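Values quoted throughout were computed directly from the atomic coordinates according to the rules given, and no laboratory measurement underlies them. Quick caveat: nothing in here was measured; it's all calculated off a predicted structure. Neighbour counts run over all protein chains shown; Cβ positions are idealised from the backbone, glycine included.
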Amino acid sequence: MHNNRYTFLYAIGISIVTAIILVLTSENLKPLQEANVALDNKKNILKSVLVNSEEREVVESQYNSSVEEMVLNSAGEIQENLNVDDVDMKKEVAKEPSERNLPLYVYTAEDGNKSYVIPLRGVGLWGPIWGYISVKDDFNTVKGAFFDHKGETPGLGAEIAETPFQQQFEGKMIYNDEGEFVSVNVMKATQKADIDSENRVDAISGGTITSNGVDEMIANCVKPYLTYFEKLKSN
Amino acid sequence: MAEVVEKEKKEPLFSKKNLQVIKDPLDDNNPVTVQVLGICSALAVTVQVKPALIMSLGVIFVSAFSNLIVSMLRKSIPTRVRIIVQLIVVATLVTIVDQVLKAYMFDVSKKLSVFVGLIITNCIIMGRLEAFALGQKPWPAFLDGVGNGIGYGIILVAVAFFRELFGAGSVLGFKVIPQWFYDHGYVNNGLMVLPPAALFLIGIYIWVQRSRNQKLVNVS
């Protein structure tokens with residue numbers, strides 16, 4: 001039987017050794033990991049405008065050549081001193097809409113048509129959900145959407161990250177016929193509501209809370225951009 | 001408990017039959033189908049073959065090296081904190097695996113998500129440390145870790161193979177069921193992509209294994 005002193009020293013010793021090993025690993029791999037996260041974001045932005053590429057070089061070159069990044073304020077003015085990488089969406093969505101910094105990605109297709117990609121962030125059932133939704137240059141039609149999540153239930157809430165759910169958003173409208181902003185609503189297919197079919201998509205059976213999270217996230221995140229869109233429209 | 005009893009019969013301590021140590025967990029003493037350990041991750045990461053393969057490699061790495069390290073330290077580890085020491089060793093290795101995956105295989109690491117971290121709680125690993133590595137020399141302990149990791153991996157990949165084949169019509173991402181089938185009314189089995197399918201497949205695997213291997217029938 002080892003004495004107490006030995007036990008304590010042993011425990012302290014092994015903690016320090018493993019801590020050093022972990023610090024070294026993490027520090028050495030950090031640049032690669034950050035590059036992966038950045039690349040993943042770019043890939044997801046491109047996915048939301050229906051451009052699917054997997055290769056690192058392709059994603060980088062497509063992104064660099066066709067996407068313009070900017071940060072707006074709620075008055076629809078471009079904030080030159082801010083970079084999209086400086087904006088933490090988690091903090092922004094917690095603020096009042098009028099105080100938010102609004103990152104925007106403008107995608108120019110090869111035929112010159114522009115799409116405006118809005119980053120989204122909200123909460124699902126178990127944790128954060130996020131994504132991108134892109135609007136065509138009529139500032140009404142949704143071109144595409146992409147969602148991801150931290151830990152929604154596989155097969156239920158996690159379906160938001162799957163293509164069939166995301167494809168539903170293509171061609172939907174964020175304004176109704178009367179020209180009011182109604183967002184794209186995620187609701188039960190059978191739910192009776194005074195909302196036209198172009199303003200709604202089917203929620204996921206068994207994933208109600210996640211679906212509601214997506215619904216609120218889109219409404220909450222898209223609305224502050226409307227001022228800027230109005231501005232562009234009137235020009 | 002069955003595991004300890006069984007080992008005393010087939011693996012006398014300090015046995016020189018190292019091959020037996022590595023072969024045993026593949027069939028006769030398979031951690032998943034005989035000891036029924038590690039089922040949780042077997043249900044979760046077997047929708048496709050690729051994540052299952054990577055997960056298996058992760059588990060093989062962790063179980064082999066945690067066995068090796070614990071076996072090397074076994075004489076110095078204070079008995080009263082041995083579980084914690086084992087846990088630290090396992091957790092360190094798992095964190096390294098997780099970090100490496102994030103750096104070099106980001107897509108896979110996103111798919112495996114929490115399950116890489118959960119290798120720490122995989123009963124197979126702690127079980128082997130307690131039952132084997134603490135009482136064995138480093139080399140047999142290492143082989144035992146590799147064997148059990150592979151034993152786990154075989155089941156994972158086998159289950160994933162059938163789930164991906166019938167659930168998505170592909171294997172390792174390549175379409176294997178021709179479009180012709182779909183044109184004539186073939187439909188992917190939706191159940192296969194849900195966790196219960198893994199349970200059914202593991203059940204079938206155990207069934208087949210027991211009907212072929214009489215030793216197992218007598219054990220239970």
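Distance between the 7 Å Cα→Cβ label points at A:Glu80 and B:Trp207: 7.3 nm.
A Förster radius of 30 Å, combined with the Cβ-Cβ distance separating B:Lys110 from B:Leu19, puts the computed FRET efficiency at roughly 0.20.
By the count of neighbouring beta-carbon atoms within 10 Å, fewest first, B:Phe132, B:Phe65, B:Phe115 end up ordered B:Phe115, B:Phe65, B:Phe132. Using θ = phi - 60° in the Karplus curve 6.51 cos²θ - 1.76 cosθ + 1.60, the 3J(HN,Hα) couplings for region A:189-201 round to 4, 8, 5, 7, 7, 7, 10, 5, 5, 7, 10, 9, 10 Hz; x is entered for Gly and Pro.
For the peptide B:66-78, the mean number of other protein chain Cβ atoms found within 10 angstrom of a residue's Cβ is 2. Residues B:Val36, A:Val184, B:Val70, A:Val17, arranged from fewest to most other Cβ atoms within 10 angstrom of their Cβ, appear as A:Val17, B:Val36, A:Val184, B:Val70.
Taking 7 Å steps out from each Cα toward its Cβ at A:Glu69 and A:Asp40 produces label points 1.7 nm apart. Taken over the Cα atoms of the protein assembly as shown, the convex hull encloses 195 Å³ per residue. Residues in region A:142-153 carry Karplus couplings, in order, of 7, 7, x, 9, 9, 10, 8, 8, 7, x, 6, 5 Hz; the curve used is 6.51 cos²θ - 1.76 cosθ + 1.60 with θ = phi - 60°, and Gly or Pro positions show x.
Here the calculated FRET efficiency for B:Lys75 and A:Leu24, from their Cβ-Cβ distance with R0 = 22 Å, stands at 0.25, rounded to the nearest 0.05. The angle separating the long axis of helix B:49-73 from the principal Cα axis of greatest extent in chain B is about 0 degrees.
Between B:Met105, A:Leu46, A:Thr210, the Cα set farthest toward the positive side of the dipole of the protein assembly as shown (charges on each charged residue's Cβ, about the Cα centre) is that of B:Met105. With K and R counted +1 and D and E -1, the other residues having a Cβ less than 14 Å from that of A:Ala158 yield a net charge of -1. Considering only B:Leu26, B:Pro140, B:Ala44, the residue lying farthest towards the positive end of the dipole of chain B is B:Pro140, judged by Cα position with unit charges set on Cβ. Converting phi to 3J(HN,Hα) with the Karplus coefficients 6.51, -1.76 and 1.60 and the offset θ = phi - 60°, region B:163-180 yields 5, 6, 4, 8, x, 10, x, 9, 9, 6, x, 8, 5, 10, 8, x, 4, 3 Hz in sequence order, with x at every glycine or proline. Here the alpha carbons of region A:79-187 define both size measures, Rg and Dmax, at 15.0, 43 Å. The charge dipole of the protein assembly as shown, taken about its Cα centre with unit charges on the Cβ of Lys, Arg, Asp and Glu (plus for the first two, minus for the last two), comes to roughly 2820 debye. Adding -39500 (n - 2.57) for every DSSP H run of four residues or longer, then dividing by how many residues chain B holds, sets the calculated 222 nm ellipticity at -21000 deg cm²/dmol. Measuring from centroid to centroid over Cα atoms, what is the spacing of region A:148-223 and region A:15-85 in Å? A separation of 26 Å, based on Cα centres. Site-free segments of chain A were taken between GluC sites (Glu not before Pro) in DSSP loops having at most 14 other Cβ atoms within 10 Å, sites themselves excluded; the longest one is A:181-235. For region A:43-111, the dipole from Cβ point charges (+1 on Lys and Arg, -1 on Asp and Glu) about the Cα centre works out to 340 debye, to the nearest 20. Pop a pseudo-label 7 angstrom from the Cα along the beta-carbon direction at both A:Val58 and A:Asn3 and give the gap in nm to one decimal. For the pair A:Val58/A:Asn3, the computed spacing is 6.8 nm.
Dipole size of chain B about its Cα centre, with +1 on Lys/Arg Cβ and -1 on Asp/Glu Cβ: approximately 500 debye, rounded to the nearest 20. Dipole orientation for the protein assembly as shown: of the candidates A:Ala75, A:Thr163, B:Ser63, B:Ser63 has the Cα lying most toward the positive pole (charges on Cβ; Lys, Arg +1; Asp, Glu -1). Note on chain A: Cα Rg divided by 2.2 N^0.38 Å, N the number of residues, gives 1.24.
By the count of neighbouring beta-carbon atoms within 10 Å, fewest first, A:Lys136, A:Lys231 end up ordered A:Lys231, A:Lys136. Taking amide H atoms as placed 1.01 Å from N in the peptide plane, the amide H of A:Leu72 lies under 5 Å from those of A:Gln79, A:Leu102, A:Leu104, each 5 or more residues away in sequence or on another chain. Seen against the Cα atoms of chain B and their longest principal axis, helix B:82-104 is set at about 40 degrees.
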